[in-house]
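Engineer: Pasting a structure below so you can have a look.
Derivation of every value follows stated rules applied to the coordinates shown; laboratory data play no part. This one's a predicted model, so the numbers in the text were calculated from it and none came from an experiment. Please note: Cβ atoms are built from the backbone with ideal geometry, for glycine as well, and neighbour counts cover all protein chains shown.
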Amino acid sequence: MVSYKDLGLVNTREMFKKAVAGGYAIPAFNFNNMEQLQAIIQAAAETKSPVILQVSKGARNYANSTLLRYMAEGAVAYAKELGWKNPQICLHLDHGDSFELCKDCVDMGFSSVMIDASSLPYEENIALSKKVADYAHQYDVTVEAELGVLAGVEDEVAAEESHYTRPEEVIDFATRTGCDSLAISVGTSHGAYKFKPEQCTVDPETGKLVPPPLAFDVLHEIEKKLPGFPIVLHGSSSVPQEYVDMCNKYGGNLPNAIGIPEEQLREAAKSAVCKINIDSDSRLAMTGAIRKHLAENPGHFDPRQYLKPAREEMKKMYMHKIINVLGSDGKAE
Ligand SMILES: [Zn+2]
């Protein structure tokens, strides 16, 4: 048993409380390799933004969970070395799908876990989420649970159809599970292909596809039912056109990749939404930069040569999200 407190990590309780009160959101960035982690920590340290490092089941399988945990521990020391006196870094399990997986993460030093039982019937979702919350709370680890279904594909989480969270269920769900935050479905979606072109309208001026807006009415209803309760948005990459273009220009094939417009995320961040998950944008920035570098430098074969610009591109993207979309800069001096 390792406590996250001994690793210099923090849970989400304080950061969410401040974010809800302050009208901003905490970035939750997924990582599964060193360059991504360096870029996240550099961006957070430079902007003094609290940050949530997310590890998915897929990342655990890819990189090894023990190694990822040590990397997060190293990230705290690295942040201090970069001059961030009081780093507010949370290590969070993304989409835990069983009690055993969540327990394993609590026991190995995660400061927060998500139990995603949203695909189960309502009562089973409550029972499993409560079991995880009861276990995690003994160690002061915070728990995110989910109600409603997001469409899209992300690592091992996939659903064809979404259905919005039902506001009439949220009080009962939050009370009976004891969860610390609630992931909801209001129109965001996993992956880089969040919408089919036929779901979008065409901007007459630019000719670009405009996705359907988020269901702010549902979000506001949920907020009214649970005043001040931390709400989480998954699947909130904006799929920047410049990275899609960069990938496609240098040999990629990502037709009709569509994300959530940043104006909508900015609006959501001002509400009770206090955690916004971003993964695909980092993948796109990294792949675009690598493709570009290798296309322009066909003789390069040292991975550092193409991973360095990829890391810089990711850092730029993370800083942009923190400062211009979530508003979490300067919130963790
Ligand atoms: Zn997710």
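Engineer: Tell me, what HN-Hα J-couplings in whole Hz come from the Karplus equation 6.51 cos²θ - 1.76 cosθ + 1.60 at θ = phi - 60° for each residue of the range 225-239, using x for Gly and Pro?
Structural biologist: Values per residue, Gly and Pro as x: 6, 10, x, x, 7, x, 10, 10, 10, 8, x, 10, 6, 9, 6 Hz.
Engineer: Indicate the gyration tensor shape class of the range 1-123 (rounded, prolate or oblate), computed on the Cα atoms with a ≥ b ≥ c the square roots of the eigenvalues: a/c under 1.5 is rounded; otherwise a/b larger than b/c is prolate and the rest oblate.
Structural biologist: Values: a/c = 1.78, a/b = 1.29, b/c = 1.37.
In terms of gyration-tensor shape, oblate.
Engineer: Also, I was wondering about something else. With +1 on the Cβ of every Lys and Arg and -1 on the Cβ of every Asp and Glu, and nothing else charged, how large is the dipole of the chain about its Cα centre, in debye rounded to the nearest 20?
Structural biologist: Values: 34 positive and 46 negative charges, 189 e Å.
In total the dipole reaches around 900 debye.
Engineer: Taking amide H atoms as placed 1.01 Å from N in the peptide plane, list the residues 5 or more away in sequence, or in a different chain, whose amide H sits under 5 Å from that of Val210.
Structural biologist: Thr201, Val202, Asp203
Engineer: Going by how many other Cβ atoms sit within 10 Å of their own, how do His300, His234 line up, fewest first? Provide the component values of the computation, followed by the final result.
Structural biologist: On the way: His300 12, His234 28.
So the residues, fewest neighbours to most, are His300, His234.
Engineer: Quick check of the Kirkwood formula: for the chain, what is the inverse mean of 1/r over all pairs of different Cα atoms, in Å? Write out the running numbers ahead of the final one.
Structural biologist: Numbers: mean 1/r = 0.0501 Å⁻¹.
One decimal place: 20.0 Å for the Kirkwood radius.
Engineer: Quick one: what are the phi-derived ³J(HN,Hα) couplings along the range 135-152, Karplus 6.51/-1.76/1.60 with θ = phi - 60°, whole Hz, x for glycine and proline?
Structural biologist: Computed from phi, the couplings for the range 135-152 are 5, 4, 5, 4, 10, 6, 8, 8, 10, 9, 10, 10, 9, x, 10, 8, 7, x Hz.
Engineer: Could you list Val10, Val149 so that the one with the fewest beta carbons within 10 Å of its beta carbon is first and the one with the most is last?
Structural biologist: On the way: Val10 23, Val149 15.
Lowest count first: Val149, Val10.
Engineer: Amide H of Ser56 versus every other amide H placed in the peptide plane: which residues, excluding those fewer than 5 positions away on the same chain, fall under 5 Å?
Structural biologist: Sorted by chain and number, the residues that satisfy this are Phe31, Asp94.
Engineer: Sticking with this structure for a sec: Output the peptides 195-207, 320-332 sorted from most to least packed, where packing is the average of other Cβ atoms within 10 Å over each peptide's residues.
Structural biologist: Working: 195-207: 10.5, 320-332: 20.6.
Packing order, densest peptide first, comes out as 320-332, 195-207.
Engineer: Another question, then. Give the lysines whose C-alpha is closer than 30 Å to that of Lys292, dropping any in the same chain fewer than 8 places away, or say none.
Structural biologist: Lys57, Lys194, Lys196, Lys208, Lys249, Lys308, Lys315, Lys316, Lys321
Engineer: In addition: Post the alpha-carbon centroid distance, the range 275-333 to the range 69-124, in whole angstrom.
Structural biologist: The range 275-333 and the range 69-124 have Cα centres separated by 22 Å.
Engineer: Could you tell me the relative contact order of the range 115-228? Use alpha-carbon pairs under 8 Å, at least six residues apart, and round to a whole percent.
Structural biologist: Working: 167 pairs, mean separation 27.3, N = 114.
Value for the range 115-228: 24 percent.
Engineer: Considering the chain as a Gaussian network with a 10 Å cut-off on Cα pairs, which listed residue, Ser119, Ser271, Ser282, attains the greatest mean-square fluctuation?
Structural biologist: So, out of Ser119, Ser271, Ser282, the one fluctuating most is Ser119.
Engineer: Just to confirm a number: summing +1 for Lys and Arg and -1 for Asp and Glu over residues other than His220 whose beta-carbon lies under 15 angstrom from that of His220, what do you get?
Structural biologist: Working: positive: Arg166, Lys224, Lys225, Lys270; negative: Glu168, Asp217, Glu221, Glu223, Glu267.
Taking every Cβ under 15 Å from that of His220, the sum is -1.
Engineer: Which of the three applies to the range 274-329, rounded, prolate or oblate, going by the alpha-carbon gyration tensor with a ≥ b ≥ c and a/c under 1.5 meaning rounded? Show your work: numbers first, answer last.
Structural biologist: On the way: a/c = 3.50, a/b = 2.84, b/c = 1.23.
Since a/c reaches 1.5 and a/b is larger than b/c, the shape of the range 274-329 is classed as prolate.
Engineer: Also, I was wondering about something else. Counting only C-alpha contacts under 8 Å and six or more residues apart, can you give the relative contact order of the chain as a whole percent? Could you put the intermediate results ahead of the total?
Structural biologist: Values: 684 pairs, mean separation 74.5, N = 333.
RCO, the chain: 22 percent.
Engineer: If you don't mind, there's one more thing I want to ask. Please compute the contact order of the range 206-269 in relative form: average sequence separation of alpha-carbon pairs under 8 Å and at least six residues apart, divided by the residue count, as a percent.
Structural biologist: Values: 28 pairs, mean separation 25.7, N = 64.
Result for the range 206-269 is 40 percent.
Engineer: Within a 10 angstrom radius of the beta carbon, how do Ile222, Ile231, Ile290 rank from fewest other beta carbons to most? Mind showing how you got there, number by number?
Structural biologist: Working: Ile222 29, Ile231 24, Ile290 19.
Exposure proxy ranking, most exposed first: Ile290, Ile231, Ile222.
Engineer: Once you order the gyration tensor axes a ≥ b ≥ c over the Cα atoms, which shape class does the range 186-333 get: rounded for a/c under 1.5, otherwise prolate or oblate by comparing a/b with b/c? Intermediate values should be presented prior to the final figure.
Structural biologist: On the way: a/c = 2.88, a/b = 1.54, b/c = 1.88.
Oblate is the answer for the range 186-333, as a/c is 1.5 or above yet b/c matches or exceeds a/b.
Engineer: Okay, next question. Out of all DSSP beta bridges in the chain, what portion is antiparallel? Express it as a percent rounded to 5.
Structural biologist: Bridges in the chain that DSSP calls antiparallel: roughly 15 percent.
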